[in-house]
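The values are calculated or read from the model by the stated rules, or taken from the named source; none is laboratory data. Remember, predicted model here, so these are calculated numbers, not experimental data. Cβ placement follows ideal geometry from the backbone for every residue including glycine, while neighbour counts extend to all protein chains displayed.
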Amino acid sequence: MRQFFTWLLTINRPDEDLRRRGRNVILLALGLIVMALLFGLLLLVRPVPAGVFALIGMELLVFTGVTLLARSGRVTFSAWLLITMEILSVVGGSLVSGTLSVSPFFLIISVLIASLSLRPWQIWLVLAANVIGLIATILALPNSPFTEPNGDVVVFGSFLLLGIVALMGFLGAKSTSSALDASQRSRSEAQAAAQALSHANTGLEQTVAERTASLQTALYDVQARADTQARLLEEVQQQRILLRELSVPVIPISATTLIMPLVGALDSTRLQQIQEQALRTLEHKSARYLVLDITGVPVVDSQVAQGLLSIVQAARLLGAQVLLVGIRPEVAQAIVGLGLNLRDIYTTSDLQSALSYIALN
C-alpha cells in the first residue's frame, strides 16, 4: 500500500513548487472521493432521487480524472477542474433546494483548495469565480434571499468570509511559494558551489599530480647528479692518490738502488707521504740503497730535516742505506745552523757522486 501511495504521489516535474501543489491536488481529490463514497452509502438508507446517485458517480469520475491529471504533471488544469466541480456542486445544490441557506459557506472549500493547489495570484481568480457564482445563484433563485429571515446576514457574511479566507490563503500560499523559491535558490547555489568545488578539486588534483611528477623528475635529476658527483669524487680521490704517488716518485735504477727526487716545499703531510712511499717501495723491491735527491727542495728547515732523519731511520730498519743528494751551500748552512747531526748519513752535492759511492760498495 505504501508503495502504491508513493507511486501515486510521484510527479515527474523538476519544479519543486509544482510537485508540492500536485501532491496537494491528489490528496484533496482522494479525500473528496472518500467523502463522496461515504455520502453515497448514507443515502442508500434513505429514499432519494436517482439523479443524486448519478451526480455522485459523476463526481467520482471527475475526482479520479483530477488525480490522474495531477500525477501526469498537469497540476493547474486538474486544480481548476476540482475547484470548478466544487463551485458547481454548491451552486447546483442551492438551485435544486431553491434556497440559499448555508450553502454559500461551502464555497470556502474551493478557496482553500486554490490556496493549496494554485499559484498565489490565481487565488483571486477563484475568489472572483465564487463571487460570480454566488451572485448568479442569488439572481436565479425564485425567492430572493433578502426576504428570508437573516437573509442579508447570510449573503453579506458569505461575501465577507470568502474575502477573508481568500486573503489568508493568498498570504499562506505566498509565504510557502517564497520559502520554496528561497530553498530552490539555495539548492541551486549549493549545487553551483559543489560543482565549482568539484572543478577546483579536479584542478587541484591535476596540479598536485603535475607537481608530484615535477618533484619526482627533480628527485631523479638530483639523484643522478648525486651519483655523478659521487663518481667524480671517487675519480678525484683516485687521481689525488695517483698525483700523490707521482709527486713522490720512486725510480729504481738497479736491482739494489732506488732514487726519490724531491721537488717543491716539504711540509709534514708530504714528508709523511714520502716516508710511506719510500718504505713501501723498499719492502716490495728489497733494495739496499735509497737515494733522496733534495736538489729541488727550496728550503730545508728543522721540520724538513727531522722528517728526512725519520725516513733514514725507518729505511735502516728495513736494511737499506739512505744517501742524501743535492745539498747546496745554503742548505748546508741551514742544517749546521739547526745543529742537526748527519754523521750517520752519506751526503753528497750531486747524484753522480752518490751513484759512484754505490758502485764502489
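All but one of (1) touching a helix residue (DSSP H, G or I) at 6+ places or on another chain (Cβ under 8 Å); (2) under 19 Å from Val250 (Cα atoms); (3) at pLDDT below 85; (4) hydroxyl-bearing (Ser, Thr, Tyr) hold for Tyr289; state the number of the condition that does not hold.
(3)
Answer yes or no: is there a residue in the stretch 155-165 that is surrounded by 14 or more Cβ atoms within 10 Å (Cβ to Cβ), closer than 22 Å to Ala29 by Cα and at pLDDT 85 or above. Before you say what the answer is, go through the steps one by one.
First, the residues of the stretch 155-165 that are surrounded by 14 or more Cβ atoms within 10 Å (Cβ to Cβ): 155, 157-159, 161-163, 165.
Subsequent filtering for residues that are closer than 22 Å to Ala29 by Cα retains 162, 165.
Among the residues that remain, those that are also at pLDDT 85 or above are: 162, 165.
Within the stretch 155-165, one or more residues are surrounded by 14 or more Cβ atoms within 10 Å (Cβ to Cβ), closer than 22 Å to Ala29 by Cα and at pLDDT 85 or above.
Inside the stretch 66-86, can you point out the residues that are within 52 Å of the chain's Cα centre (by Cα) and either in a helix (DSSP H, G or I) or not assigned by TED's automatic domain parsing to the domain that holds Ala114 (or both)?
Our first condition is that a residue be within 52 Å of the chain's Cα centre (by Cα); within the stretch 66-86, this holds for 66-80.
Val66, Thr67, Leu68, Leu69, Ala70, Arg71, Val75, Thr76, Phe77, Ser78, Ala79, Trp80, listed by residue number.
Does Glu86 count as at pLDDT below 85, over 21 Å from Pro142 (Cβ atoms) and buried (at least 22 other Cβ atoms within 10 Å of the Cβ)?
Values: at pLDDT below 85: yes; over 21 Å from Pro142 (Cβ atoms): yes; buried (at least 22 other Cβ atoms within 10 Å of the Cβ): yes.
It is true that Glu86 is at pLDDT below 85, over 21 Å from Pro142 (Cβ atoms) and buried (at least 22 other Cβ atoms within 10 Å of the Cβ).
Within the stretch 265-319, count every residue that is among the aromatic types (Phe, Trp, Tyr) and free of Cβ contacts under 8 Å to residues at least 60 places away in the same chain. Give the derivation first.
Taking the stretch 265-319 and keeping what is among the aromatic types (Phe, Trp, Tyr), we get 289.
Retained after the next criterion (residues that are free of Cβ contacts under 8 Å to residues at least 60 places away in the same chain): none.
Qualifying residue count for the region: 0.
Within the stretch 283-299, can you find the residues that are among the β-branched types (Val, Ile, Thr) and either under 18 Å from Gln313 (Cα atoms) or under 60 Å from the mean Cα position of the chain (by Cα) (or both)?
Residues of the stretch 283-299 that are among the β-branched types (Val, Ile, Thr), as a first pass: 291, 294-295, 297, 299.
Within the stretch 283-299, Val291, Ile294 meet the criteria.
Is it the case that the stretch 268-281 has a residue that's in a strand (DSSP E or B) and either buried (at least 16 other Cβ atoms within 10 Å of the Cβ) or at pLDDT below 80 (or both)? Give the steps one after another, and end with the answer.
The first filter runs over the stretch 268-281 and keeps only residues in a strand (DSSP E or B), leaving none.
The answer is no; no qualifying residue exists.
Taking Ala320 as meeting all but one of (1) at pLDDT 85 or above; (2) out of contact with any helix residue (DSSP H, G or I) (no Cβ under 8 Å at 6 or more places or on another chain), write down the number of the exception.
(2)
I'm trying to understand the selection: among the residues of the stretch 166-183, which are surrounded by 14 or more Cβ atoms within 10 Å (Cβ to Cβ) and of a type outside the set (Lys, Arg)? I'd like the intermediate steps shown before the answer.
Residues of the stretch 166-183 that are surrounded by 14 or more Cβ atoms within 10 Å (Cβ to Cβ), as a first pass: 166-170, 172-174, 176-177, 180.
Matches in the stretch 166-183: Ala166, Leu167, Met168, Gly169, Phe170, Gly172, Ala173, Thr176, Ser177, Leu180.
Restricting attention to the stretch 161-185, which residues are in contact (Cβ under 8 Å) with a residue 40 or more places away in the chain and over 17 Å from Val111 (Cβ atoms)?
Leu180, Asp181, Ser183, Gln184, listed by residue number.
So which of Val312, Val299, Val291, Val304 ends up being outside any helix (DSSP H, G or I) and either at positive phi or surrounded by 13 or more Cβ atoms within 10 Å (Cβ to Cβ) (or both)?
On the way: Val312 fails: outside any helix (DSSP H, G or I); Val299 fails: either at positive phi or surrounded by 13 or more Cβ atoms within 10 Å (Cβ to Cβ) (or both); Val304 fails: outside any helix (DSSP H, G or I).
Going through Val312, Val299, Val291, Val304 in turn, just one is outside any helix (DSSP H, G or I) and either at positive phi or surrounded by 13 or more Cβ atoms within 10 Å (Cβ to Cβ) (or both): Val291.
Cβ-Cβ under 8 Å, sequence separation 6+ or interchain: first residue in the stretch 26-49 and modelled with pLDDT of 80 or more, partner in a loop (DSSP other than H, G, I, E, B) and surrounded by 10 or more Cβ atoms within 10 Å (Cβ to Cβ). Which pairs?
Ile26/Leu9; Leu27/Leu9
Which of the residues that make up the stretch 320-334 are of a type in the set (A, V, I, L, M, F, W, C) and either surrounded by fewer than 21 Cβ atoms within 10 Å (Cβ to Cβ) or under 11 Å from Ala354 (Cβ atoms) (or both)? Walk me through how you get there before you give the answer.
First, pick out the residues of the stretch 320-334 that are of a type in the set (A, V, I, L, M, F, W, C): 320, 322-325, 327, 331-332, 334.
Once the filter is applied, which keeps residues that are of a type in the set (A, V, I, L, M, F, W, C) and either surrounded by fewer than 21 Cβ atoms within 10 Å (Cβ to Cβ) or under 11 Å from Ala354 (Cβ atoms) (or both), the stretch 320-334 yields Val322, Leu323, Leu324, Val325, Ile327, Ala332, Ala334.
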